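To start, the structure under review is shown below, and the notes come after it.
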Amino acid sequence: MPAPNRNQWVDLLEAAKERKENAREQFRDWMGAVREEPSLIWQTPVVRYGVYSIGGLMLLLFVNTGINAMAPAGGKRVEPRATTALFDVVCYNSSCGRHFVIERKFRFRRFPVTCPYCKEDTGHRAARCNSQQCHGKLVVTAVEDDTIYCSECGARLGDE
């Protein structure tokens, strides 16, 4: 006669129920032994290795946080150094007098430059003069002894 059809899921469920009751009984016994001898807590491999694992994870998290805290902000967006600057220029030709901006290397000093409007070499470097006389207007500059002065009022520029 063939064996009856058995449902394996029902068998697994019954085995789990038995193990659950057995585990409860073992845990109660272990708790009773720990109450009598507290050093058994650390001698139990499950507890000891669980503490080691949690401690290792915490150490990894602290190290990771420390490394991220020391990393420079926006470190992956490295851009090459600038090699040029924008210079404000004012044409001192009386019929033109326009303001324009040029892009040259940082140490550019060969003024006057050609004005794009009147096509003459009358463009000089300009800066804002905040003196009482000029009131923050864009003026042609003059350089003496590596110091920049306003050509209209003679005030020293760049000292704020």
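Would you check if Arg104 is without any contact (Cβ under 8 Å) to a residue 40 or more places away in the chain, assigned to a loop (DSSP other than H, G, I, E, B) and out of contact with any Cys (no Cβ under 9 Å at 6 or more places or on another chain)? Reasoning before the result, please.
Values: without any contact (Cβ under 8 Å) to a residue 40 or more places away in the chain: yes; assigned to a loop (DSSP other than H, G, I, E, B): no; out of contact with any Cys (no Cβ under 9 Å at 6 or more places or on another chain): yes.
No.
Which one of Ala73, Ala155, Ala69, Ala127 is open to solvent by 100 Å² or more (accessible area, probe 1.4 Å) and over 30 Å from Ile41 (Cα atoms)?
Ala73
Picking from Arg110, Arg104, Arg156, which residue would you name as being within 32 Å of the chain's Cα centre (by Cα) and basic (Lys, Arg)?
On the way: Arg110 fails: within 32 Å of the chain's Cα centre (by Cα); Arg156 fails: within 32 Å of the chain's Cα centre (by Cα).
None of the others qualify; the one that does is Arg104.
Being open to solvent by less than 70 Å² (accessible area, probe 1.4 Å) and aliphatic (A, V, I, L, M) is the filter here; which residues of the range 2-60 pass it?
Ala15, Ala16, Ala23, Met31, Ala33, Val34, Leu40, Val47
Could you list, in sequence order, the residues of the range 133-151 that are hydrophobic (A, V, I, L, M, F, W, C), closer than 15 Å to His99 by Cβ and assigned to a strand (DSSP E or B)? It would help to see each step written out before you state the result.
The initial filter retains those residues of the range 133-151 that are hydrophobic (A, V, I, L, M, F, W, C), namely 134, 138-140, 142-143, 148, 150.
Restricting the remaining residues to those that are closer than 15 Å to His99 by Cβ gives 134, 138-140.
Result: Leu138, Val139, Val140.
Could you check Ser94 against (1) in contact with a strand residue (DSSP E or B) (Cβ under 9 Å, 6 or more places away or on another chain); (2) hydroxyl-bearing (Ser, Thr, Tyr); (3) loosely packed, with under 15 Cβ neighbours inside 10 Å and say which number it fails?
The failed condition is (1).
Which condition number does Tyr52 fail, the rest of (1) part of a loop (DSSP other than H, G, I, E, B); (2) modelled with pLDDT of 90 or more being met?
(1)
Across the range 138-147, which residue is nearest to Cys115 (Cα to Cα) among those that are without any contact (Cβ under 8 Å) to a residue 24 or more places away in the chain and surrounded by 15 or more Cβ atoms within 10 Å (Cβ to Cβ)? Steps first, answer last, please.
In the first step, residues of the range 138-147 are kept if they are without any contact (Cβ under 8 Å) to a residue 24 or more places away in the chain; the result is 141-147.
Then drop every residue that is not surrounded by 15 or more Cβ atoms within 10 Å (Cβ to Cβ), which leaves 141-142.
Details: Thr141: 16, Ala142: 18 Å.
Selected residue: Thr141.
The values are calculated or read from the model by the stated rules, or taken from the named source; none is laboratory data. Everything quoted here is computed from the prediction, not taken from an experiment. Please note: Cβ atoms are built from the backbone with ideal geometry, for glycine as well, and neighbour counts cover all protein chains shown. All accessible areas refer to the heavy atoms of the entire protein, side chains included, with ligands and DNA or RNA removed. Shrake-Rupley method; radii C 1.70, N 1.55, O 1.52, S 1.80 Å.
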